[in-house]
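These notes concern the structure reproduced below.
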Amino acid sequence: ASLEVSDIEPKIIKTGNISHKRDIVDINDAIKAYIALAKNTPEIGEYLVCSGSSIALSEILGFMTSASTKEIIHITEKDRGFGEAIDRYYSHQHLTAATGWTPETPAQKSAIDVLEFKRRELQGDKVR
């Protein structure tokens, strides 16, 4: 979002390796999970608030740059953050069994919502 309003040309994002996959859950889904836990008072234990699947960080960046109002160039700097691409995801099975909660928001919508939030913030809108 800050690149969209910037006078800098060309608009470039430099990262290290972002092929790593991570379990990403939307903040609104996470809040619903914590509310469900508080209301249902399940047994003491470990309840993972997660999506149950993974997505490459490069895909998240791709969602945002595709939704951008400007052309954004992504440059991967080979000397930053390289190594084995790791796939990390978890299971919300225990949480779902205890509360009925499941994640609802796809990663693409979540990424674009973050972009929209930052746009409003940069425009001086009061964000909630």
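The values are calculated or read from the model by the stated rules, or taken from the named source; none is laboratory data. None of these values were measured; they are calculated from a predicted model. Virtual Cβ from ideal backbone geometry, glycine too; neighbours counted across all protein chains shown. Protein only, heavy atoms only, side chains kept; ligands, DNA and RNA dropped before computing areas. Shrake-Rupley method; radii C 1.70, N 1.55, O 1.52, S 1.80 Å.
A Cβ distance below 8 Å, combined with a sequence gap of six or more or placement on separate chains, defines the contacts here; from the range 89-117, residues that are closer than 11 Å to residue 24 by Cβ reach residues that are surrounded by fewer than 15 Cβ atoms within 10 Å (Cβ to Cβ) and β-branched (Val, Ile, Thr) in the pairs 110/27. Just one of the numbered conditions (1) at positive phi; (2) over 20 Å from the mean Cα position of the chain (by Cα) is not true of residue 52: (2). I'm trying to understand the selection: among the residues of the range 85-98, which are open to solvent by 80 Å² or more (accessible area, probe 1.4 Å) and part of a loop (DSSP other than H, G, I, E, B)? Result: 88, 89, 90.
Applying the condition of being modelled with pLDDT of 90 or more and open to solvent by 60 Å² or more (accessible area, probe 1.4 Å) to the range 25-42 and asking which residue is farthest from the chain's Cα centre (by Cα) yields 39. Taking the range 107-128 as the region of interest, how many residues are open to solvent by 80 Å² or more (accessible area, probe 1.4 Å) and either at pLDDT 95 or above or at positive phi (or both)? The number of residues fulfilling the criteria is 2. Identify all residues within the range 1-55 that are in a helix (DSSP H, G or I) and basic (Lys, Arg); write none if there are none. The answer is 32, 39. Residue 101 passes all but one of (1) open to solvent by less than 70 Å² (accessible area, probe 1.4 Å); (2) under 14 Å from the mean Cα position of the chain (by Cα); which number fails? All conditions are met except number (2). Contact annotation: residue pairs with Cβ atoms under 7 Å, 6 or more positions apart or on different chains, pairing a residue in the range 48-61 that is closer than 20 Å to residue 28 by Cβ with a partner that is assigned to a loop (DSSP other than H, G, I, E, B) and small (Gly, Ala, Ser), are 48/91; 52/91. In this structure, residue 57 qualifies as open to solvent by 40 Å² or more (accessible area, probe 1.4 Å) and either modelled with pLDDT of 90 or more or of a type in the set (S, T, N, Q) (or both).
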